[in-house]
């Protein structure tokens, strides 16, 4: 039996500040998690939901409002689709294979954040 | 609408219902292609003979619309922002209906257009997610983009005549 190493991807979303679910300590909003999981199950079914191994992970040193989601590479399309259709004022940042790269993208996003969010 | 980022390829769009004489003058002075759009809300009595793009808000009477404007080469536009926050059942039904509409578009010579309908940055949609939506509907993304490019090129030729 050949064992393959599972590949994962990290997606990052920025939830708009005035959303009531973001608290000051940057703890991942439970409402957001619940809504996302519900949407993922609703759109793709519970089997694909569990296969996707979706997790919301806590990463140190990321600015408030950012949520990092980890899931299996094969199911990244399902997760991205569900993220888009979640009823939250959020922006989806590009996905990445490493948290290090994701942090760079967050920094790049922060440069234009004010401009983007004001419009 | 911009096909490949060049200034001369920018296609302007104007809502047909909001046109007045001064805006018509502005448009006639413009060198870019202008496509006229209207909104279809399910009433077949409305006349859309001069429209290039019809934004569909309601699928009611859609088949009659196809029959009435058969061969007019109208673009039928659906906005993702209209359905973004609907519940799972409605979304599932939308994906099912839109596939049927896509097939009707092919049969009756309409151009199927899927648009983000974004009015803010929050509503913007990435190409990856857009193509995933197309895939989920059952449309080959390469074919969709090719068809759209051909349709826009045809409109460009028609406008230049």
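Considering the conditions (1) modelled with pLDDT under 90; (2) within 20 Å of residue A:100 (Cβ to Cβ), residue A:56 is excluded by exactly one of them, (1). Under 9 Å between Cβ atoms, which residue pairs at least 6 apart in sequence (or on different chains) link something in the stretch A:3-15 that is surrounded by fewer than 19 Cβ atoms within 10 Å (Cβ to Cβ) with a partner that is assigned to a loop (DSSP other than H, G, I, E, B)? Final answer for the pair search is A:6/A:53; A:7/A:97; A:8/A:53; A:8/A:97.
Restricting A:95, A:68, A:76, A:56 to residues that are touching a residue at least 24 places away in the same chain (Cβ under 8 Å), assigned to a strand (DSSP E or B) and within 14 Å of chain B (Cβ to nearest Cβ) narrows the list to A:95. Screening the stretch B:109-124 for residues that are outside any loop (DSSP other than H, G, I, E, B) and buried (at least 20 other Cβ atoms within 10 Å of the Cβ) and picking the one that is nearest to the other protein chains (Cβ to nearest Cβ) gives B:114.
Each residue in the stretch A:81-92 was checked for being within 8 Å of chain B (Cβ to nearest Cβ), crowded, with 19+ Cβ neighbours inside 10 Å and farther than 18 Å from residue A:109 by Cβ, and 2 of them qualify.
Restricting attention to the stretch B:71-107, the residues that are away from chain A (no Cβ under 14 Å), under 18 Å from residue B:42 (Cα atoms) and not in a helix (DSSP H, G or I) total 5.
The values are calculated or read from the model by the stated rules, or taken from the named source; none is laboratory data. As the structure is a prediction and not an experimental result, all values here were calculated from the model. Please note: Cβ atoms are built from the backbone with ideal geometry, for glycine as well, and neighbour counts cover all protein chains shown.
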